[in-house]
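A.B. asks: I have a structure here, written as structure tokens, and I will follow up with some questions on it.
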């Protein structure tokens, strides 16, 4: 029905009559009626060849295809989120509220693709269909309704990555998490702790000496406090063997916030046992020194930064792989280094745990 | 050495994070195109241009948009008669001056990170918003001055309209209607068209074969103003043409199909450039530029330009950048402010997206003004902050 009956009045300047660079030297004031023009010779200047028409439809179909595939990929990512036993859900590369925006966006996109499909289908039924109709061309255009494949190369790149190569996958995301965590570890930067040894080495020595019951001098008091908290070794062992509920379960983000304000340290140092959770990353070969890390993400993994606690354990931690999700119980204290406060924990207990559905913090 | 895992994770997270905002932007764009009469905005904005620019810069509080979503919307608004300078003011300011970003900036600098540079979170927000407003206002005023002297076609690429034949049908019917009451400078109109058409090679300075767009107003009067070689933005504004939206009734399905046409077109168009920008941004992020930044301690005259450069190459979104910079404790206040104000206005991905709306000449008018403005304001902010908020 549509488009066929162009029963315009006289002297009509049909928008598609103006194509710069088009060989249209004819008088624009002709009585423009599609129904007639198409029959004979089409003096209307721009004869749309079958190829041009096909190119237009190819372009439209490519657009519909790309939009529909994006919607499909997003839905597949959500399937990965909701499917049982998903270890690291790929959709978690973005924060939950944007995930739901993306889901809504994908559904809208699917709707747009369907509607465009209807539009193209209706146009294809129309023998008088003219791809140039409805918009004319300003002087700036070098315009062909051609189908230029290279235009779609960037567009299909994320789709090819996801569908063809399975990128990003959970292995990749874990590698990235670990990478960020290691970058964020204050390796060698704890200058405030004194000496030429870096923090890990110091803690390592302290930890070994603690285990051997021979804590020496020459290490910074703050770190020693972190390693050896109160009482003698008997008390420590007793604390390790106790099976009690922790006094508090702060997130590593909260601990990071508390750490930066010395006046608030008391709010957690007063507890004899708190529990934190996050990814486990060993920092010493014997398993007595490690970090528990959680990424803080504002919008997407591109802006992630780690929040962490340095942990020392009297007994070596075994059976936990780097990157595993753990809960750690122990006594927290804070050490100052390089204009920054770091939370450190004397560990009583470490156990593996199922990571939360969305593992990052705000 | 490029870490492939890191690159792909950052690249995909940037793309999928921006995607919903581009879809929303494209939908708003399509809806505006279909429902708002041509040149509608030209009639409703205040007559005093400086007032109009100031209001445009604050419109983000009412119509919040982030920097990715704003690009397709803005080029439709240009087509609906929003003066170029007002569109620039809205585009530059809205990603900073909107409730979401104000909230995230406040959150990022609250708690422990408050007062790290002597400013509380509220004071930080105040600085960011006022610097963003001033920069947008200055840049828009410069654009206004340029637009008065130049052919608008040297500055912008108007968005394409629906290619849909049914849409054309509706428009042409309406135009027929006009003909009945026809007065009009129609022959004149044609002359302009032809002249403009012949002049086209001169305008082809954009090195892109993607440039399939030009002016496409269905409105003969407004359309002439946009298209003619001699037309200025002023003329565009003064022309209050007829509009397609108030034309003969189209079925809801037809309207929705038209919206889908424009929206899908904008989606494909803008996403292409988002992806190109995301590739560059993730390459730079993979090079771990942030790790080298603590070198910048203390000297604001070094830190400000470096942080501006970092903002341009990291392409963080304006909701996230405050969290990133708030954790860079050693960076002096001026450096943080320059990062927070420039980032939402100018970065690699935005540059590529801007090329879909503006001509190179206009983009390179805006960039030096914005950069100079942010630099000066950051220095002022750096030294004024501790005095103003002791």
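The values are calculated or read from the model by the stated rules, or taken from the named source; none is laboratory data. Please read all numbers here as calculations on a predicted model, not as lab measurements. Note that each Cβ is placed from the backbone with ideal geometry, even for glycine, and that neighbours are counted across all protein chains shown.
A.B. asks: List pairs: first residue in the range A:287-302 and within 14 Å of chain B (Cβ to nearest Cβ), second residue modelled with pLDDT under 85 anywhere in the structure, Cβ distance under 6 angstrom, at least six positions apart or on different chains.
C.D. replies: As it stands, the answer is A:298/B:320; A:298/B:323; A:299/B:317; A:299/B:319; A:299/B:320, since those pairs meet every condition given.
A.B. asks: Counting only residues that are surrounded by 15 or more Cβ atoms within 10 Å (Cβ to Cβ) and outside any helix (DSSP H, G or I), how many does the range A:238-247 have?
C.D. replies: Adding up the residues that qualify gives 1.
A.B. asks: For residues that are within 14 Å of chain A (Cβ to nearest Cβ), part of a loop (DSSP other than H, G, I, E, B) and touching a residue at least 60 places away in the same chain (Cβ under 8 Å), scanning just the range B:70-113, find the one that is farthest from the chain's Cα centre (by Cα).
C.D. replies: The selected residue is B:109.
A.B. asks: If you check B:321, B:261, B:269, which single one turns out to be within 13 Å of chain A (Cβ to nearest Cβ), in contact with a helix residue (DSSP H, G or I) (Cβ under 7 Å, 6 or more places away or on another chain) and at pLDDT below 85? I'd like the intermediate steps shown before the answer.
C.D. replies: Details: B:261 fails: at pLDDT below 85; B:269 fails: in contact with a helix residue (DSSP H, G or I) (Cβ under 7 Å, 6 or more places away or on another chain).
It is B:321.
A.B. asks: Here's something else I'd like to know. Only residues in the range A:140-160 that are within 8 Å of chain B (Cβ to nearest Cβ) and buried (at least 17 other Cβ atoms within 10 Å of the Cβ) count as the first member; pair them with residues that are modelled with pLDDT under 75 and assigned to a helix (DSSP H, G or I), Cβ under 6 angstrom, at least 6 apart or cross-chain, and list the lot.
C.D. replies: Within 6 Å, the pairs are A:140/B:203.
A.B. asks: For a quick check of your reading: which helices (runs of 4 or more DSSP H) sit entirely within the range B:329-390 and have at least 2 residues that are touching a strand residue (DSSP E or B) at 6+ places or on another chain (Cβ under 7 Å) and more than 26 Å from residue B:122 (Cα to Cα)?
C.D. replies: Numbers: elements: B:333-342, B:348-354, B:360-388.
Result: empty, no element qualifies.
A.B. asks: Can we say residue A:102 is in a helix (DSSP H, G or I), modelled with pLDDT of 90 or more and surrounded by fewer than 22 Cβ atoms within 10 Å (Cβ to Cβ)?
C.D. replies: no
A.B. asks: Another question about this same structure. So residue B:135 fits all but one of (1) facing chain A (nearest Cβ under 9 Å); (2) modelled with pLDDT of 85 or more; what number is the exception?
C.D. replies: So residue B:135 meets the others, but not (1).
A.B. asks: Of the conditions (1) in contact with a helix residue (DSSP H, G or I) (Cβ under 9 Å, 6 or more places away or on another chain); (2) modelled with pLDDT under 80, residue B:310 clears all except one; give me its number.
C.D. replies: All conditions are met except number (2).
A.B. asks: So, one more: In the range B:3-11, is there at least one residue being within 14 Å of chain A (Cβ to nearest Cβ) and within 16 Å of the chain's Cα centre (by Cα)?
C.D. replies: No: zero hits.
A.B. asks: Checking residue B:88 against (1) surrounded by fewer than 24 Cβ atoms within 10 Å (Cβ to Cβ); (2) under 17 Å from residue B:42 (Cβ atoms), which single condition isn't satisfied?
C.D. replies: (1)
A.B. asks: Here is a further query. Give me the pairs, please: first residue somewhere in the range A:170-188 and within 7 Å of chain B (Cβ to nearest Cβ) and at pLDDT 85 or above, second residue anywhere and surrounded by 15 or more Cβ atoms within 10 Å (Cβ to Cβ) and not in a helix (DSSP H, G or I), beta-carbon distance under 7 Å, and either six or more positions apart or on two chains.
C.D. replies: Hits for this filter: A:173/A:88; A:179/B:3.
A.B. asks: Here is a follow-up. Tell me whether the range B:292-301 contains one or more residues that are modelled with pLDDT of 85 or more and part of a helix (DSSP H, G or I).
C.D. replies: Within the range B:292-301, one or more residues are modelled with pLDDT of 85 or more and part of a helix (DSSP H, G or I).
A.B. asks: Would you please name the residue that is modelled with the lowest pLDDT, looking only at residues in the range A:265-278 that are buried (at least 16 other Cβ atoms within 10 Å of the Cβ) and assigned to a helix (DSSP H, G or I)?
C.D. replies: My answer is A:269.
A.B. asks: Restrict the check to the range A:63-75 and report whether at least one residue is assigned to a helix (DSSP H, G or I), more than 17 Å from residue B:271 (Cα to Cα) and at pLDDT 90 or above.
C.D. replies: Let us first name the residues in the range A:63-75 that are assigned to a helix (DSSP H, G or I), namely A:63-75.
Still in the list and also more than 17 Å from residue B:271 (Cα to Cα): A:75.
With the extra rule that they be at pLDDT 90 or above, the set shrinks to A:75.
Checked the range A:63-75: at least one residue is assigned to a helix (DSSP H, G or I), more than 17 Å from residue B:271 (Cα to Cα) and at pLDDT 90 or above.
A.B. asks: Any idea which of (1) crowded, with 24+ Cβ neighbours inside 10 Å; (2) touching a residue at least 40 places away in the same chain (Cβ under 8 Å) is the one residue B:36 doesn't satisfy?
C.D. replies: It is condition (1) that residue B:36 fails.
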